[in-house]
1. In percent, how large is the relative contact order of the stretch B:1-94, given Cα pairs closer than 8 Å and 6 or more residues apart?
2. What does the charge add up to near B:Leu172, with Lys and Arg as +1, Asp and Glu as -1, over the other residues with Cβ less than 15 Å from its Cβ?
3. In what order do A:Ser130, B:Ser151, B:Ser81 fall by count of nearby beta-carbon atoms within 10 Å, going from fewest to most?
4. Could you work out how far the C-alpha centroid of the stretch A:18-52 sits from that of the stretch A:65-141, in angstrom?
5. For the stretch A:31-310, what is the charge dipole size about the Cα centre, in debye to the nearest 20, if Lys and Arg each add +1 at the Cβ and Asp and Glu each add -1 at the Cβ?
6. Taking neighbour counts of Cβ atoms within 10 Å as a proxy for exposure, in what order, fewest first, do B:Glu65, B:Glu73, B:Glu191 appear?
7. Taking only DSSP H segments of four or more residues, each worth -39500 (n - 2.57), what value at 222 nm results for chain A once the sum is divided by all its residues, to the nearest 500 deg cm²/dmol?
8. What is the distance in Å between the Cα centroid of the stretch A:150-172 and that of the stretch B:195-234?
Amino acid sequence: MRRLLGSHHGGLVLLVLAILLMPLGFPNSFYFDVAINVGIAAIVCIGLNLLIGYAGQISLGHAGFFGIGAYASAILTSTHGWPPLLALLAGILLSGGIAFAVARPILALKGHYLAMATLGLGIIISIVLSQEVALTGGPDGMPVDPLTLFGFEISGTWSWYWLVGGTLVLVTWLALNLVDSPIGRALRAVHSSEIAARVCGVDTTAYKVLVFVVSAVIASLAGSLFAHFSGWLTPDEADFLRSIQFVTMVVLGGMASTFGAIVGAALLTALPQFLTVFQNYEHVMLGLVMVLTMIFMPRGLVPTLALRFFGDRS
Amino acid sequence: MSLLLVERLTRSFGGVRAVQDLSFAIPEGGIHSIIGPNGAGKTTLFNMISGVLRPTRGTIRFRGENIAGLPPERLAARGISRTFQNLQIFFNMSVLENVLLGGHLGLDRNVWRALFRLPRLRAAERRARAEAEALLERVGLAEWSDAPADSLPYGALKRLEIARALAARPELLLLDEPAAGCNEKETREIETLLKSLVADGMTIVLVEHDMRLVMNVSDHIIVLDHGRMLAEGRAEEVRENPAVIEAYLGQAAVAGGHAP
């Protein structure tokens, strides 16, 4: 077990097994719905974890990129009749473009200032989405066409489950590869000591921009999937609370742990679905989870447990 | 031609001139030490040569080109590496990964090859790991290779920083107090390491308070006081210079430091 988890892609094998075996225990389609939403949130969190956990740069506005992807897919397919895959790619280009354009000035900031700037960015995107009523339907939301890929329509919980599961595995694999490469090490170096990283030849600004764009693109991809899956889209999906949810998932699961991001997303997506008390007090619960995590296991769930049971880093 | 030529270099902090009108030349090869009492401007000088601080005035020529004011990452690409007086280890990585990062500019930094872990990247990573292992062997940390960097004792971290700086294959290595806080045995290990590096043709500029180490290894010593050059020469010349004894060594002897 320990060797499996410690090896380069052992965790990936476990993830694939979990995705394959979980449906055996699902009593009804509600569980599939929850699992698909977990998968979509996990995809966002894996990207956000590259930014927050590995590179040490906070973003309180990533739901904005999730929203851009979601609305690009919704508007381009439903209003303009684009093929969904093309709309998804357009969303990625738009999110990546906006992230690239704002990254340099924003990422020159540090700590609280960076948090405020990304918060502002997220809020601006969310306001645009709810105010551009002609384009987005405003706060009431808009319908989204079903997803068709290469002529096949993805409908029904089973197809969505495999599509989101497959995408999650792919994104996890890409993230693990990136982390264990010269680029991933440079990102961790930026987190640890910017001055030492620069002396080692790391262009810290370029890497911050890169990881910001990568995480925005991944959030946009997840947003596109979400739009088609839910069939109805409101600006709530891009608002501040959603951004905070994503950050809390990353912090709870464990910063600088790709599997931690998945565990965090699973817990905070599934719990409100199964515990109604959580649903009614979601803001309070998110705050509580964040505070308790910071006090009792600042490293987050997965790294803390890995350390306790296996005595090494996950 | 000198490897490093510093001309009329000045750096002020507010009204204080930490380094003023400093000029000197470092020829290629050998160990060149910069000594002086606390506040003499040694670390400020180092920070300017490595691009961490911009000079207020003056030029720094490396192989004839003015590098004053270039950022550290550009200087790293030109072959200047350094260590820090207060450790700047990447504590969120393993010992080996720290060394790998030191060789960052020589590695495959293509995003797509990294994302898909293509064979070319894997091969380059294997070679880099072998080289990093060899460097760890050289500084005596081979058995720590896979340990998290934060599990190492202080003296080992000092050597890890040197290994990381060496991974960049620098032409000029700047060491800021590599023996600070090290016990006698560790200091001797560092001395042996420095001598072996110079034997391989490296040029080292050393800032160090341990006078025994400085006198043992230096081919050339520059003495700073209040941001200015006080004396310059071979170890025995500097040791016998009355101004140096007055300003520095006398003071160190009074303070109970290692007088030569």
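No value in this document is a laboratory result; all are computed from the given coordinates. Quick caveat, the model's predicted, so the values are computed rather than measured. Because the Cβ atoms are built from the backbone with ideal geometry, glycine has one as well, and the counts that use them run over all protein chains shown.
1. Values: 140 pairs, mean separation 27.1, N = 94.
Result for the stretch B:1-94 is 29 percent.
2. Values: positive: B:Arg61, B:Arg63, B:Arg74, B:Arg78, B:Arg82, B:Arg169; negative: B:Glu28, B:Glu65, B:Glu171, B:Asp176, B:Asp200, B:Asp219.
With Lys, Arg at +1 and Asp, Glu at -1, the net is 0.
3. Working: A:Ser130 19, B:Ser151 11, B:Ser81 27.
The most exposed by this proxy come first: B:Ser151, A:Ser130, B:Ser81.
4. Their Cα centres are 23 Å away from one another.
5. Using Cβ point charges on Lys, Arg, Asp and Glu, the stretch A:31-310 gives about 1000 debye.
6. Numbers: B:Glu65 10, B:Glu73 20, B:Glu191 17.
Starting with the residue having the fewest Cβ neighbours, the order is B:Glu65, B:Glu191, B:Glu73.
7. Details: 16 runs with 229 residues, N = 314.
So the helix-based figure for chain A works out to -23500 deg cm²/dmol.
8. Taking the Cα centre of each part, the stretch A:150-172 and the stretch B:195-234 sit 65 Å apart.
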